[in-house]
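**Student:** Starting off with a structure, shown below.
The values are calculated or read from the model by the stated rules, or taken from the named source; none is laboratory data. Model, not experiment: these values are computed from the prediction. We place every Cβ from the backbone using ideal geometry, glycine too, and count neighbours over all the protein chains shown.
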């Protein structure tokens, strides 16, 4: 046997080695620099590696081109959805204000008047009030006594009949007041006539909050692993989902002016209480659902910035009388903070920001809560959404909310006429409408591609249709065709808590060390392509292509 025979791949290997050596020589020429350059010092511990992995994932989400791909990337780690703390505007438990402030990182300022920036439109608002005062009185009188409506309660058992009746009346009055003010201002301020009015829109927002104590179930799970026993009480992230449905909302093409300079977001005088307890202790519930950020319209809409939203306060009638009037006022503040933060957070997600990639400029909105007679007005500025575990204690920025106490628009209605209309309340509402948006001198969408900011801009038909179908299926939050595996009570007793059935074959996920709730969204077989539909003449591709974001 000839051991000196040259292998058939040697010539190719020789070329590769020569190419590498030539590259090395080229690199050696630029080996020296004027200043010394050192490689970064990396934390090689297990926590350091996990942190770099999370930061890389957040950077990948930031680099995605379109709004919808970023939203799909938020849902990628969970096939069945995130176990989220559900914040709804029509349910506020007792003493919930500290938790709501912490979860939205909001500094609340209670005052009897609007912020100073509204003073410049005060003289013009006085003239508008004088013109529309009689029209508002007639509209209120007609809604209260001039019309007879057959009210049919919905099947929602969480809302009392009085709750639904009050919100229905507030909706009618809010629409009439909005119509009167908008018609009067359409030729006085430029942004009212082209503004979009949404009735009963869908406002939803999703974000992560860190620094929360783990539940007992998490502590028990950590105790099963030796390397986590010294971290049993380490804080964890909580997924938070807001669901809101205002009576009506106005939006325009340009954002509102900030209430204060963006540099004031780091003001040390702003205080936010730290709430580390489990949310169930307050009365909020957890639910398994996909992350959704919806400001009431689809991505790519021309009018993408909120101007004003009006909400009902019928949920106060469903609260216990033992809570007291002071807690009812705090419940209104909670509702306004959640509604304002949720709407602005969803708008920020449509600008390319996420809970992992913070805002680079402030956003502002105006929120009104009413039952037709009592009105509360709030102005909110969103400065940050970065609240997960790595930044909950290091982020210096805070959001700010200015709110008034509940004020009566009128006293009574006698003989079909409104008595004691409060001009000051109507003036403050008109000032909200007269707050004119302005153009910003910086890029509003720094993390979105200039040519493909939404999936409608994608030229590839297959990729565009697949992303649109996947995104709309996620935001619909329909249940999966196969429900998640359930651990039955007898299994928890006889197999988990007490190992009394060790002779049975291990088939269930908890017996095999599998957590089905950590299944990724992309862990499934793509749709099968029948042979007759495959490209001619021969194609071995059996499944359709998927376009999940790479994060």
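**Student:** Residue 349 - would you say it is part of a helix (DSSP H, G or I) and touching a helix residue (DSSP H, G or I) at 6+ places or on another chain (Cβ under 9 Å)? Please lay out each step first, then the result.
**Tutor:** Values: part of a helix (DSSP H, G or I): yes; touching a helix residue (DSSP H, G or I) at 6+ places or on another chain (Cβ under 9 Å): yes.
Spelling it out, residue 349 is indeed part of a helix (DSSP H, G or I) and touching a helix residue (DSSP H, G or I) at 6+ places or on another chain (Cβ under 9 Å).
**Student:** What are the pairs, 6+ residues apart or on separate chains, where a residue within region 338-367 that is on the phi > 0 side of the Ramachandran plot has its Cβ under 8 Å from a residue that is assigned to a helix (DSSP H, G or I)?
**Tutor:** 352/67; 352/70
**Student:** Right, next: So which of 47, 68 ends up being in contact with a helix residue (DSSP H, G or I) (Cβ under 6 Å, 6 or more places away or on another chain), assigned to a helix (DSSP H, G or I) and at negative phi? Walk me through how you get there before you give the answer.
**Tutor:** Numbers: 47 fails: in contact with a helix residue (DSSP H, G or I) (Cβ under 6 Å, 6 or more places away or on another chain).
After ruling out the rest, the residue left standing is 68.
**Student:** Looking at (1) at pLDDT 90 or above; (2) more than 30 Å from residue 205 (Cα to Cα), which is the only condition residue 458 fails?
**Tutor:** Result: residue 458 passes all but (2).
**Student:** Follow-up question, since we're still on this one. Any idea which of 451, 459 is in a loop (DSSP other than H, G, I, E, B), in contact with a helix residue (DSSP H, G or I) (Cβ under 9 Å, 6 or more places away or on another chain), surrounded by fewer than 16 Cβ atoms within 10 Å (Cβ to Cβ) and without any contact (Cβ under 8 Å) to a residue 24 or more places away in the chain?
**Tutor:** 451
**Student:** A follow-up question, please. Sort out which residues of region 481-525 are assigned to a loop (DSSP other than H, G, I, E, B), out of contact with any helix residue (DSSP H, G or I) (no Cβ under 7 Å at 6 or more places or on another chain), under 22 Å from residue 84 (Cα atoms) and in contact (Cβ under 8 Å) with a residue 60 or more places away in the chain, and write them in order of number.
**Tutor:** 519, 520, 522, 523, listed by residue number.
**Student:** Return a yes/no flag: does region 434-441 have any residue that is loosely packed, with under 11 Cβ neighbours inside 10 Å and over 24 Å from residue 351 (Cβ atoms).
**Tutor:** Going through region 434-441, the residues loosely packed, with under 11 Cβ neighbours inside 10 Å turn out to be 439, 441.
Remaining after also requiring over 24 Å from residue 351 (Cβ atoms): none.
No.
**Student:** While we're looking at this one, here's another question. Could you check region 392-427 and list, in sequence order, the residues that are closer than 14 Å to residue 133 by Cβ and either part of a strand (DSSP E or B) or within 30 Å of the chain's Cα centre (by Cα) (or both)? Walk me through how you get there before you give the answer.
**Tutor:** Residues of region 392-427 closer than 14 Å to residue 133 by Cβ: 409-410, 417-427.
Passing the criteria: 417, 418, 419.
**Student:** Limited to region 478-493, what total is found for residues that are modelled with pLDDT of 90 or more and surrounded by 14 or more Cβ atoms within 10 Å (Cβ to Cβ)?
**Tutor:** Of the residues in that region, 1 qualify.
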